[in-house]
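Q: I'd like to ask you about the structure that follows.
The values are calculated or read from the model by the stated rules, or taken from the named source; none is laboratory data. Please read all numbers here as calculations on a predicted model, not as lab measurements. When we count neighbours, we look across all protein chains shown, and the Cβ atoms used for this are built from the backbone with ideal geometry, even at glycine.
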Amino acid sequence: MTMELKTQNIRHRDICRSFYTSDKQLVSYMVRLLNPENGDFCLEPSAGSGCFIDGLLATDKTLRIRAIDFSNNAVTALHTKYACNKNIEVLNRDFLLSSGALFDDALTFDRIIANPPYGGWQEYEKRISLKSVFPNMYVKETYGLFIAQSLNKLSPNGRAVFILPETFLYLHLQKALRRRIIETTTINSADIFPSAVFPGVKFGYAKLCIISIDNRKPNPCHLMRIRHCENLDELISGGGRHHEISQYSVLQRPEFTFPLNGYSPETQLIDEAVLRLGDIADCVTGIYTGADGKYLRRSAANTRGHDKYHEADIQKIVSSSNFYPTLEGFDNEACFIPILKGGGIPYLKPVLWFIDWSAEAVRQYRTDSKSRFQNSSFYFRTGIGFPMVSSGRATASVIYESWLFDQSVVGIFPNKSNLFGFLLAFLNSGICWRLLRQINPSANNSAKYLRRLPIILPSSDRLSWFNSVVSDYLVKLKSGAGQDTEIESSLDDAVKSLYAEALQHSQLRKNG
Ligand SMILES: C[S@@+](CC[C@H](N)C(=O)[O-])C[C@H]1O[C@@H](n2cnc3c(N)ncnc32)[C@H](O)[C@@H]1O
């Protein structure tokens, strides 16, 4: 099976990020999609150990193959491996910045196949050069640049097949590349499957995607296939579930994100929303001290991080009667205040963490290069905390005005106070969670995705109802009562029925 051969020790400075597709079935599936024909000139721009070259040779077609890699070791090994193959030319080049023959405009390839490096470290100087070669592109991520460069080198009507992180299909940072591909090429298929096909490799991407692209302007009626597979067998055998979607329709979507589960009333609600969370609330990320072990304390009830965090000294916690909001910090001995971190508990999360808010610590947060004294105009305001990352369903909880929120939380601050109860209920609802996962299927709930949530505002009577139920519930929770599933379900049902009507309208428009 596949494995990581040679990434450098310091992950964030790893320039290769090489994960090798040595699984023969996977290679042969990708080569089948590539469908090379006799006489084709093929390119492998990140050849590594040559798995795809082997796959091309196994087709028994008469092909001319060019293999490129910028690693001396890889190129030496490739030279040795293919010394007897006169149809294979191995070049030691940086595919992204090479000049000379490789980038002679007249030189194009009929077929390009690649497993490009993901997230390879780019030196700062190189980023400047890359920015000039690839304007509008996200140059910190190598795979996108590999796709862009490959498409530059693909012959008219030629085909390229890539294996990539699935996040390419919806990540905000790749929107320029998605637009280019959708506007100028014809996408045949995108197969999505778990990254477990790279066993032992923890590179943080939940899923992978094999995308097949023809260098041909898309026909306005072109349908592309998006397929979801649970495992390699399903991928290879053509199984799994799939949707045919109009390529052209993706251009109409915000940030040109692919509707991974096809179009549904929910995607329609997201795409056509007249009001979004970002229109009625500020969504911002919280503070990072730069050295949490030094500046955070855990409450006595908080058993997490025993080794890293000291327990808070009750004498040093600012009492609510002495509290006043200050962005300069306190000069008193009592200088620790509550801070919300992460999620996991809906509506009211008990105080588990305290932050050092002494004048000296605050000076440090403002000046230290590692800390993030960000969005400080939202400190000490009542709001809603939503965890930035969540593997399961996320929960939203109140941020009180004597609290702070850290960078693991997106703080949501309604523009009008009468929206608070409804928004806290909405952000805890099942429908909110489903919509958010349609906007971004990964575990990432960052502010830019939350802002896009479609909002259906209740009538003013219902807004008051939400406010009163939520504020009574918060009082109850604050007094020490346990979670009340009945109250939470009634709030969830109220949000559900509000959205059910809007979803029904979307369905009718879809059918009509
Ligand atoms: C992910 S590995 C893929 C190897 C092979 N295609 C496979 O799937 O097993 C990526 C390869 O790209 C090479 N590479 C990384 N950045 C490169 C660049 N800018 N130009 C050329 N090769 C590069 C690395 O040295 C590595 O061998």
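Q: Among the residues of the range 234-243, is there at least one that is among the basic types (Lys, Arg) and over 26 Å from ALA447 (Cα atoms)?
A: At the first step, the residues of the range 234-243 found to be among the basic types (Lys, Arg) are 241.
Narrowing the set further to residues that are over 26 Å from ALA447 (Cα atoms) leaves 241.
Yes, that holds for at least one residue.
Q: Still on this structure, please answer the following. What single numbered condition from (1) under 25 Å from GLN374 (Cα atoms); (2) in a loop (DSSP other than H, G, I, E, B) fails to hold for LYS294?
A: (2)
Q: Sticking with this one: Any chance you could count how many residues in the range 230-252 are surrounded by fewer than 18 Cβ atoms within 10 Å (Cβ to Cβ) and either of a type in the set (D, E, K, R) or outside any helix (DSSP H, G or I) (or both)?
A: Here the count works out to 14.
Q: List the helices (runs of 4 or more DSSP H) inside the range 445-512, counting only whole elements, that have at least 2 residues being more than 25 Å from GLY411 (Cβ to Cβ). First the steps, then the outcome.
A: On the way: elements: 447-450, 460-478, 485-511.
So the answer is 460-478, 485-511.
Q: If a residue has to be of a type in the set (Lys, Arg) and under 29 Å from the mean Cα position of the chain (by Cα) to count, how many in the range 311-363 make the cut?
A: So the count comes out to 2.
Q: Does GLY278 satisfy the condition of being crowded, with 16+ Cβ neighbours inside 10 Å, in contact (Cβ under 8 Å) with a residue 12 or more places away in the chain and part of a loop (DSSP other than H, G, I, E, B)?
A: Taking the combined requirement at face value, the residue does not satisfy it.
Q: Based on this model, can you work out whether ASP313 counts as farther than 24 Å from ARG178 by Cβ and surrounded by fewer than 18 Cβ atoms within 10 Å (Cβ to Cβ)? Show your work before the answer.
A: Working: farther than 24 Å from ARG178 by Cβ: yes; surrounded by fewer than 18 Cβ atoms within 10 Å (Cβ to Cβ): yes.
So ASP313 fits the description; yes.
Q: For the range 310-354, how many residues are aliphatic (A, V, I, L, M), assigned to a strand (DSSP E or B) and in contact with a Leu (Cβ under 8 Å, 6 or more places away or on another chain)? Quick ask: steps written out before the conclusion?
A: Narrowing the range 310-354 to residues aliphatic (A, V, I, L, M): 312, 314, 317-318, 327, 334, 337, 339-340, 345, 348, 351-352.
Now drop any that are not assigned to a strand (DSSP E or B), which leaves 317, 337, 339-340.
Next, from what is left, pick out any that are in contact with a Leu (Cβ under 8 Å, 6 or more places away or on another chain): 337, 339-340.
So the count comes out to 3.
Q: To continue, here is another question. Considering only residues of the range 37-55 that are more than 10 Å from the ligand (Cβ to nearest atom) and in contact with a strand residue (DSSP E or B) (Cβ under 6 Å, 6 or more places away or on another chain), which is farthest from THR108 (Cα to Cα)?
A: Checked the range 37-55; the qualifying residue farthest from THR108 (Cα to Cα) is ASP40.
Q: Continuing with this model, one more query. How about the range 363-414: which of its residues are part of a loop (DSSP other than H, G, I, E, B) and under 22 Å from ARG276 (Cα atoms)? Please lay out each step first, then the result.
A: Within the range 363-414, the first condition is being part of a loop (DSSP other than H, G, I, E, B), and the residues that meet it are 368-371, 373-375, 379-382, 388, 390-396, 400-403, 407-408.
Listed by number, the residues that qualify are ASN375, ARG381, THR382, MET388, SER390, ARG393, ALA394, THR395, ALA396.
Here is a yes/no grid of residues against (1) within 12 Å of the ligand (Cβ to nearest atom); (2) modelled with pLDDT of 95 or more; (3) assigned to a loop (DSSP other than H, G, I, E, B):
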residue	(1), (2), (3)
VAL90	yes, yes, no
ALA101	no, no, no
ALA106	no, no, yes
TRP121	yes, no, yes
LYS126	yes, no, no
SER132	no, no, no
MET137	no, no, yes
ARG159	no, yes, no
GLU183	no, yes, no
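Q: Report yes if LEU154 is at pLDDT 95 or above and either within 16 Å of the ligand (Cβ to nearest atom) or of a type in the set (A, V, I, L, M, F, W, C) (or both), otherwise no. Even if it seems obvious, please write down each step before you answer.
A: Working: at pLDDT 95 or above: yes; either within 16 Å of the ligand (Cβ to nearest atom) or of a type in the set (A, V, I, L, M, F, W, C) (or both): yes.
Here the answer is yes, as LEU154 does meet what is asked.
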